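Undergrad: Here it is: the structure, laid out below.
Please treat every number below as a calculation from the coordinates, not as lab data. The structure displayed is predicted, hence computed values, not measured ones. Note that we place each Cβ from the backbone using ideal geometry, even for glycine, and neighbour counts take in every protein chain shown.
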Amino acid sequence: MDAEKMKQETQEKQQIDTEMEKALAVVKDPDLKEIFMRITERIKDSVLNKEAEEFKREIIKKPRRPEQQVFAFLPHQMAKVSIFFPMSDRELKEGERKINRLEHETGWGKIVIEGIKLAIFEEDIFLTLMKIAKGEIKIDKEAYVLETNMNDAINLLYGESGYTKKSVERIERTLQHFQLVRFELTTFDWKKKGAERLKTRITRSIGNIVESYKYNAKTKDLIIYFNPHFFAYFLESMLTSINFSVRRKLKKDGSKALLRFLSAHTQPSEMHILTVLNAINFNTNQPMFRLRDLFKSFIHELKKNGVLGPKTKLYSNDTVYFDILSPKRALPD
């Protein structure tokens with residue numbers, strides 16, 4: 001390897017590390033930050049990380065467009081759209097959520113999701129499992145194993161009033177969905193144009209979020225085996241705007257999705273509400289008056305919880321200006 005190429009790879013690695021540091025800096029929950037730091041350090045020492053870093057280097061070479069919609073993977077500054085979808089009660093029905101193939105092409109390549117659309121409440125469950133993983137998750141070689149109790153997860157999610165059969169079924173069904181979903185990443189040779197660019201591409205099948213789990217209905221003991229590839233590729237962008245205390249106060253899925261979107265825009269310009277709703281995976285196949293009312297309710301809830309300030313305004317032409325407040329220091333839960 002010549003000196004120039006080695007220097008370039010060193011600079012790219014430093015940029016990747018900087019992106020991760022930026023991502024960790026926005027995590028306000030101390031328990032989540034600790035477990036993510038442990039996983040991050042372990043990933044850096046793994047063979048798997050070499051492949052993940054190669055993928056990141058290919059991404060960061062591509063110039064970013066300010067409003068380019070990118071699935072919330074890597075790196076942190078590209079996190080515009082989440083893999084989790086706000087859905088209505090009808091859309092949450094099992095038959096409605098199954099997908100053969102959901103594709104989204106970006107400037108750096110293409111992301112494919114197969115299996116099932118993941119709901120916002122399932123992101124809540126993932127974050128809950130990560131929060132209680134502090135000091136409990138076992139990192140053996142490249143395996144990530146969490147041994148916990150179903151009641152601990154329910155208590156953190158729903159409080160004491162949540163100990164119901166429905167809550168248990170919801171968490172277990174989520175773990176099943178985490179096994180069903182499959183991610184595929186394709187990077188193109190962006191130095192070329194048009195059809196020529198598509199001829200040279202590398203496809204990576206990442207697999208699922210959870211490889212397997214074991215649940216004892218009598219003792220409530222729960223053992224979860226996470227897919228290390230998922231963490232290696234997607235952990236960085238998942239750190240965007242993780243403030244568990246604020247997020248748990250939000251009742252609306254759209255508000256939670258909008259919270260993530262705003263965290264990826266340090267200085268968002270005036271945007272059309274359809275641009276924002278599409279970016280948070282919201283179903284825009286509805287009358288405009290209905291979307292307008294829903295959007296106002298999301299803004300109202302974020303104002304109520306100190307995320308948006310009084311200067312936030314929705315104009316008559318359906319564009320919105322966001323007055324994003326600096327996050328206040330919160331005590332640990």
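Undergrad: Set the Förster distance to 25 Å, then compute FRET efficiency between Val47 and Arg201 from the Cβ-Cβ distance, nearest 0.05.
TA: 0.60
Undergrad: In addition: Please compute the length gained on full extension between Glu21 and Ser88, using 0.36 nm multiplied by the number of residues separating them and subtracting their Cα-Cα distance.
TA: Residue separation times 0.36 nm, minus the Cα-Cα distance, leaves 20.6 nm.
Undergrad: Only Lys, Arg, Asp and Glu count, each charged at its Cβ (+1, +1, -1, -1), so figure out the dipole size of segment 127-172 about its Cα centre, rounded to 20 debye.
TA: 120
Undergrad: Take the Cβ-Cβ distance between His272 and Asp323 as r, set R0 to 30 Å, and report the resulting FRET efficiency rounded to the nearest 0.05.
TA: Numbers: r = 17 Å, r/R0 = 0.58.
Calculated transfer efficiency: 0.95.
Undergrad: Another one. Given R₀ = 30 Å, FRET efficiency for Lys218-Arg38 by Cβ-Cβ distance, to 0.05?
TA: FRET efficiency, Lys218 to Arg38: 0.45.
Undergrad: What are the equivalent ellipsoid semi-axes of segment 245-300, built from the alpha-carbon gyration tensor (square roots of five times its eigenvalues), in whole angstrom, biggest first?
TA: Values: eigenvalues 65, 44, 18 Å².
In descending order the semi-axes read 18, 15, 9 Å.
Undergrad: What ranking, highest mean first, results for peptides 166-172, 217-223 when packing means the other Cβ atoms within 10 Å averaged over each residue?
TA: My ranking of the peptides, most packed first, is 166-172, 217-223.
Undergrad: Oh, and also: Using unit Cβ charges (K, R positive; D, E negative) and no other charged atoms, how large, in debye to the nearest 20, is the dipole of segment 224-315 about its Cα centre?
TA: Once rounded to the nearest 20, the dipole reads 460 debye.
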